[in-house]
1. Say we look at the range 39-62 and pick out the residues that are more than 25 Å from Ser4 (Cα to Cα) and crowded, with 19+ Cβ neighbours inside 10 Å; which of these is farthest from the chain's Cα centre (by Cα)?
2. Could you tell me whether the range 12-28 includes any residue that is under 30 Å from Asp102 (Cα atoms) and over 17 Å from the mean Cα position of the chain (by Cα)?
3. One residue is enough: does the range 166-173 have a residue meeting the conditions among the polar types (S, T, N, Q), touching a helix residue (DSSP H, G or I) at 6+ places or on another chain (Cβ under 6 Å) and surrounded by 17 or more Cβ atoms within 10 Å (Cβ to Cβ)?
4. Which fully enclosed strands (runs of 3 or more DSSP E) of the range 1-120 have 1 or more residues being touching a residue at least 24 places away in the same chain (Cβ under 8 Å), out of contact with any strand residue (DSSP E or B) (no Cβ under 9 Å at 6 or more places or on another chain) and within 23 Å of Ile181 (Cβ to Cβ)?
5. With the structure loaded, tell me whether Val208 is at pLDDT 95 or above and either closer than 23 Å to Gly96 by Cα or outside any helix (DSSP H, G or I) (or both) or whether it fails that test.
6. Of all residues in the range 1-36 being at pLDDT 95 or above and of a type in the set (Lys, Arg), which is farthest from Asp79 (Cα to Cα)?
7. Looking at Gln72, is it within 21 Å of Thr127 (Cα to Cα) and surrounded by 17 or more Cβ atoms within 10 Å (Cβ to Cβ)?
Amino acid sequence: MTHSLSRRVVAITGAQGNLGEILARMAAAQGAHLVLIDQAASSISSSAELLVLPGVDLTSYTDCEEVAKRIQEHFGRLDALVNVAGGFAWETVQHGETHTWDRLFELNLRTALNASKALLPLILQSTAGRIVNIGAGAAAKAGLGMGAYAASKSAVLRLTETLAEELKDNGITVNAVLPSILDTPQNRDAMPDAEHDRWVTPAQLSAVILFLLSDAASAVTGAGIPVTGRV
């Protein structure tokens, strides 16, 4: 096992979700020290190499500022942020609710915006600063019932692009991964007749994210990288 992230401090939002848990495990295997951020409670305890921050509302900038303070106190630095936290809803415009659009922009865009802005002063101190956002392949073209989700994920990609331009002279890279359907228990339950072996697994997506955090990806910034499996 390579240790390309040895001793780097990596913060992961939505760390208790399907993707967040696997990404954290794979990052730790590469030697990263972790900050696990989630709104849910956690039974995991912090340690010298791990800071666990449950009960965080990422739609609140005040909460994100407190996260930055806790990271500074625990590690004194931050090298990378992966904005995994987000949400999904399938709803047509005709029969849906307008507040669904607001809710998905809060869950997908505002969480990434708040976390990036609040933690940026720490990342700017790193010699290998990285931000990776979770977009969606659906951001390129909204299908039936996907309008609110696609619009919010498209906004995440625009955030990625503008922040990459803002930070490129500071040596900080900002990229997004654009997955298709992830192979999770929830998605399998929702689509039991689909060809699940064609979907992207959380481990496959995590591998792309970890590459973007590595030195090998130092020349990649402002990119939206499709990770679509065989869908």
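The values are calculated or read from the model by the stated rules, or taken from the named source; none is laboratory data. Because the structure is a prediction, the values reported are computed rather than measured. No Cβ is skipped: glycine too gets one built from the backbone with ideal geometry, and neighbour counts run over all protein chains shown.
1. Filtering the range 39-62 for residues that are more than 25 Å from Ser4 (Cα to Cα) and crowded, with 19+ Cβ neighbours inside 10 Å, the one farthest from the chain's Cα centre (by Cα) comes out as Val56.
2. no
3. no
4. Answer list for the range 1-120: none.
5. So Val208 does not fit the description; no.
6. Arg25
7. no
Here's the yes/no breakdown for (1) farther than 25 Å from Ala155 by Cα; (2) β-branched (Val, Ile, Thr):
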{"residue": "Thr184", "(1), (2)": "no, yes"}
{"residue": "Asn187", "(1), (2)": "no, no"}
{"residue": "His196", "(1), (2)": "yes, no"}
{"residue": "Thr221", "(1), (2)": "no, yes"}
